[in-house]
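Report on the structure given below.
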Amino acid sequence: MTVRNLEFLLEPRSVALVGASNRRGSLGGVVLRRLAGAGFRGTIGLVNPKYKAIGDQPCYPSVAELPFAPDLGVVVAPAAAVPDVVRQLGEAGARAAVVITAGVTGDLRQRMLDAAKPFTLRILGPNCVGLQVPHMGLDASFAHLTAGRGQIALLSQSGAIITAMLDWAEARGVGFSTVASLGDMADIDTGDMLDQLAGDRQTRAILMYLEGVTNAKKFMSAARSAARAKPVIVIKAGRSESASKAAASHTGALAGSDDVYEAAFARAGVLRVDDLQELFDAAEALARHRPLKGDRLAIVTNGGGAGVLAVDALAGTAGRMADLSAETMARLDQALPATWSRGNPVDIIGDAGPERWEAAMEAVLAEPEADAVLVLNCPTGLASSSEAAEAVVETIGRANPRGKPVLATWLGGASAAAASQVLERAGVATHATPRQAIDAFDTLVRHRKSQIQLMRTPASLPPGPEPDRELARFTIEGAIAEGREILSEVEAKTVLAAYGVPTNDTRIARTPDEAAQIAEQFADHPLLAIKILSRDITHKSDVGGVQLNLAGADAVRVAAEAMLERVRQRRPDAHIDGVVVQPMIKKPHAHELLLGISDDATFGPVMLFGAGGTAVEVVKDKALALPPLDLLLAEDMIDRTRIGKLLKGYRDKAPADRTAIALALVHLSQLVADMPQIRELDINPLLADEQGVVAVDARIRVAPAAAVAPGGNPRLAIRPYPSAWDKPEATPYGDVQIRPIRPEDEALYPDFLAKVSKEDIRRRFFRLFSQLSHEEIARLTQIDYARAMAFLALDTDGTMLGVSRFAADADYRTAEFAVLVRSDLKGQGIGRALMVRLIEYAAYEGIEDMYGDVLASNRSMLDFVRELGFVDTADPEDMTVRRARLKPLKWAAAQTPR
């Protein structure tokens with residue numbers, strides 16, 4: 001990911017328009033008028049060899065002849081000229097360009113990128129509508145409108161969506177902080193813009209229209225970071241497209257492309273809407289309202305039918321109706337007619353005048369059980385809709401000090417238009433129908449819940465043996481060496497067992513007689529099953545390749561003979577290796593589940609959970625998620641399926657061991673993080689009951705892959721836990737374990753901080769506190785390994801002794817470090833061991849510069865970092881602080897190998 005030089009794109013001091021024109025209707029002419037008329041306070045220079053001047057402004061034949069060095073170039077020159085124009089801009093000092101020109105494809109596109117590279121000149125486009133930054137007075141586009149100033153950023157891969165949103169916003173008085181048409185995304189893409197806008201103080205929310213993601217790792221890291229800082233709403237085209245690729249497994253057939261995007265958005269905390277109206281409503285809600293405190297809605301209406309429609313709409317969302325308190329009910333009883341609804345929705349009756357609206361709104365706004373209010377007005381001949389709107393606005397202004405969100409729908413045509421204008425002028429979000437208002441409330445609720453989910457702390461995994469990675473790798477590489485891409489059932493179960501997934505005993509028989517001999521070895525099992533063994537047959541039951549409930553060796557021999565003959569007749573093209581023999585697993589009340597891994601062209605490995613059995617592709621009860629998983633994410637997958645409800649137990653059926661199911665998903669997640677050779681995996685069925693789980697059948701497809709680096713499987717869209725950096729370290733204190741931080745380490749922080757003195761806390765955090773909140777600790781423990789790292793030092797009993805960390809910039813070139821050790825353990829080598837591990841990791845990752853701010857009065861810390869090799873200098877803006885810097889790569893090269 002990179003945000004390098006994007007400040008020149010979004011905050012330029014000077015702009016050069018290359019291809020400017022005085023021809024009315026030409027692209028160069030339209031962009032010039034928009035650029036000149038938007039109020040840009042910097043310098044604008046025009047370039048076109050055809051003109052000496054355009055209007056009263058001089059025009060230059062080339063970029064090199066401009067009398068100033070432009071920060072930003074806006075290019076509307078012919079496609080063939082674009083590479084040379086970009087080179088000229090770079091040579092002139094520009095560090096960003098908006099290439100509006102279409103047709104810059106193939107060789108031209110590459111030449112354009114090659115021309116930009118020596119100058120690190122960033123390119124938005126080509127083939128885009130352009131860019132608008134209203135607070136800068138910058139409109140470098142050919143859109144028909146210039147956006148007003150606001151706090152919503154809009155990113156779109158479609159120029160048509162840009163112009164439609166501008167039209168809608170103009171009518172509703174909604175402004176934008178940034179409007180960027182991404183075009184072909186030759187350089188700057190969605191991930192880059194998300195990273196930049198996440199830290200933009202002008203932007204309170206981000207709207208996106210996506211047609212696809214080009215760099216999944218960059219997108220996921222940037223989206224996860226941005227969504228923690230502010231709402232990110234997306235509309236993704238292509239929801240109805242079916243996956244067309246051929247799949248060798250149930251998982252591959254079920255994991256459609258759009259389902260994977262859905263899983264990616266959910267994991268990142270990005271809210272997805274289905275259509276433009278929802279996007280508009282989401283924009284309205286986010287522009288007008290503060291974040292919700294909860295999910296409870298109160299409705300005030302003068303028409304019972306409208307209230308019922310709103311309640312029906314709410315039933316299908318993440319929100320719920322608020323229960324009115326006894327105090328609120330009493331206030332409403334005093335203010336409203338005896339015929340009022342006496343509940344929520346608060347129906348104040350069709351003849352309600354301004355006084356009644358004011359009284360009802362006062363009571364509901366003060367209701368502590370309501371987190372938002374929806375006001376619905378139906379036109380009647382007994383009261384004025386406009387007067388009702390004025391009463392609502394006046395009450396919100398004086399009786400809503402905490403800014404509780406208020407949404408409004410004034411039904412009707414002409415009678416509602418004037419009232420809606422009253423509400424909109426006062427900053428109240430208005431919606432055409434109760435459904436649209438409820439959808440906007442749902443957006444606010446879903447954003448709140450996504451933030452809570454992002455901050456949850458998973459439980460620690462139960463103690464157990466480490467995965468046998470060598471056995472799994474040996475089994476997989478053995479098949480690859482033989483030219484096979486499908487592991488045998490026995491091999492697949494060997495791999496699963498190596499990662500802690502329970503399997504039943506399965507043995508290979510090449511002939512019917514061998515099958516009978518194996519059956520005799522299973523004499524203590526009354527019933528056996530046999531299955532065809534063939535690398536060419538995916539679904540065994542489809543060709544008669546499964547036989548169950550066989551009693552004794554003779555029955556197994558006869559069944560094997562018949563099966564081999566039957567399958568050879570039905571699949572004469574298949575290579576048959578024999579059969580596998582296994583005991584029948586008798587779990588009469590067990591659920592048949594499907595656990596799997598699929599390979600998505602964009603996001604790489606994808607986890608799947610759902611109902612299993614032979615009808616899996618018909619039932620299509622599934623949930624997808626991106627690995628890596630923890631227990632909470634695995635439980636979420638289970639809860640999103642219909643069979644997840646059955647697993648809780650019903651009637652005389654005991655609840656299944658959901659923890660065992662979740663653990664199996666976590667173990668598969670670790671397997672795919674460690675083994676990039678795995679392309680698809682099916683466990684179908686995984687039998688689950690109150691006693692646990694067992695994989696009865698399994699299939700794994702593999703392909704050659706490079707050895708896994710310490711950072712984990714490079715094909716994962718989300719960087720997994722870097723387990724290779726979990727290593728012991730000898731210190732003067734004694735042996736300690738230094739490992740990367742995990743989300744569940746939140747539980748270690750309270751005891752650790754209790755043993756850190758107030759002075760050490762002040763020196764580390766530059767402030768004092770009695771304790772950190774869950775949200776604050778979650779931000780320390782739930783890190784994105786793609787842009788940050790923290791190492792814990794743990795005693796032999798698991799006690800936390802200290803922590804070192806760095807947070808890198810979005811370019812992943814510079815990182816700020818910090819270290820904290822228990823106050824009673826200073827001087828015992830723990831801090832040094834933590835910092836050495838952190839610097840080693842930074843060097844491995846290619847971090848170029850590591851720095852940290854140290855209070856000038858903290859002499860011990862300054863001595864400590866100097867001993868490590870840091871060089872400190874005074875901060876010119878704050879003489880109480882010194883900044884310590886180190887080059888990790890240079891430091892690592894100078895170290896004696898340990």
Item checked: Carbon/sulfur fraction of accessible area - the range 591-681, other protein chains in place, 1.4 Å, % -> 51 percent
Notebook entry, point to check: For the Cα atoms of the chain, what angle does the longest principal axis make with the long axis of helix 434-454, in degrees from 0 to 90, nearest 10?
Noted result: 60 degrees
Margin query: Sort 190-196, 784-790, 275-281 by packing, meaning the average of other beta carbons within 10 Å per residue, with the highest value first.
Written below: 190-196, 784-790, 275-281
Checklist line | Candidate aspartates and glutamates for bridging to Lys52, where Cα separation is under 18 Å - those fewer than 8 sequence places away on the same chain excluded | finding: Glu65
Check: Counting only residues 5 or more places away or on other chains, whose amide H sits under 5 Å from the amide H of Ala97 once H atoms are built in the peptide plane?
Finding: Gly73, Arg122, Ile123, Leu124
Item checked: Taking the chain and dividing mean pair separation by its residue count, relative contact order in percent (alpha carbons under 8 Å, at least six apart) -> 7 percent
Notebook entry, point to check: Which order do Lys586, Lys727, Lys890 take when ranked by solvent-accessible area (1.4 Å probe, heavy atoms of all protein chains), largest first?
Noted result: Lys890, Lys586, Lys727
Next item on the list: With runs of 4+ DSSP H residues as the only contributors, calculate the mean residue ellipticity of the chain at 222 nm using -39,500 (n - 2.57) per run, divided by the residue total and rounded to the nearest 500.
Entry: -11000 deg cm²/dmol
Next item on the list: Check the straight Cα-Cα distances from Lys755 and name the aspartates and glutamates below 19 Å, setting aside those fewer than 8 residues away within the same chain.
Entry: Asp745, Glu746, Glu776, Asp795, Asp797, Asp824
Item checked: the range 132-219 - percent of accessible surface contributed by carbon and sulfur, probe 1.4 Å -> 44 percent
Next item on the list: Compute the long axis of helix 82-92 from its Cα atoms, compare it with the longest principal axis of the Cα atoms of the chain, and write down the angle in degrees, 0 to 90, nearest 10.
Entry: 70 degrees
Next item on the list: Add +1 for every Lys or Arg and -1 for every Asp or Glu among the other residues with Cβ under 15 Å from the Cβ of Ser723, and state the total.
Entry: -1
Checklist line | Listed peptides 134-145, 418-429 by packing density, highest first (mean Cβ within 10 Å) | finding: 134-145, 418-429
Notebook entry, point to check: Which entries in the list Lys449/Lys620; Lys540/Lys620; Lys117/Lys236; Lys449/Lys653 go over 29 Å, if you measure between the two C-alpha atoms of each?
Noted result: Lys117/Lys236; Lys449/Lys653
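Over the chain, what is the percentage of antiparallel beta bridges among all DSSP beta bridges, to the nearest 5?
60 percent
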Checklist line | Unit charges on C-beta of K, R, D, E only; dipole of the range 58-192, Debye | finding: 140 debye
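Rounded to the nearest 20 Debye, what is the dipole magnitude of the chain about its Cα centre when Lys and Arg each give +1 and Asp and Glu each give -1 at the C-beta?
In debye, rounded to 20, the chain gives about 1660.
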Checklist line | Amide H within-cut-off set for Met208, under 5 Å, with H built and near neighbours excluded | finding: Leu155, Ile233, Val234, Ile235
Item checked: Cα gyration tensor shape of the range 806-898, rounded if a/c is under 1.5, else prolate or oblate by comparing a/b with b/c -> oblate
Check: Relative contact order, percent, of the range 812-898 when contacts are C-alpha pairs under 8 Å separated by at least 6 residues?
Finding: 32 percent
Next item on the list: Leaving ligands, DNA and RNA out of it, work out the accessible area of Tyr51 with a 1.4 Å probe and give it in Å² to the nearest 10.
Entry: 40 Å²
Margin query: Within 14 Å, Cβ to Cβ, of Leu309, how many net charges do the neighbouring residues add up to if Lys/Arg are +1 and Asp/Glu are -1?
Written below: -2
Notebook entry, point to check: Where does the charge balance sit around Ala352 when Lys and Arg score +1, Asp and Glu -1, over other residues with C-beta under 12 Å from its C-beta?
Noted result: -4
Check: Out of the DSSP beta bridges found with both residues in the range 50-209, what percent are antiparallel (nearest 5)?
Finding: 30 percent
Next item on the list: Give the accessible surface of the chain per residue, rounded to a whole number of Å², with probe radius 1.4 Å and ligands, DNA and RNA excluded.
Entry: 41 Å²
Check: Counting only residues 5 or more places away or on other chains, whose amide H sits under 5 Å from the amide H of Ala786 once H atoms are built in the peptide plane?
Finding: Arg719
Check: Percent of accessible area on the range 751-898 owned by carbon and sulfur, 1.4 Å probe?
Finding: 51 percent
Notebook entry, point to check: Relative to the longest principal axis of the chain, what angle (0 to 90°, nearest 10) does the C-alpha long axis of helix 354-365 take?
Noted result: 40 degrees
Margin query: What figure, in Å² to the nearest 10, do you get for the accessible area of Phe40 with a 1.4 Å probe and non-protein molecules left out?
Written below: 30 Å²
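The values are calculated or read from the model by the stated rules, or taken from the named source; none is laboratory data. Model, not experiment: these values are computed from the prediction. A quick note on method: Cβ atoms are made from the backbone with ideal geometry, for glycine too, and the neighbour counts reach across all protein chains shown. Note: areas computed on protein heavy atoms with side chains; ligands, DNA, RNA excluded. Shrake-Rupley method; radii C 1.70, N 1.55, O 1.52, S 1.80 Å.
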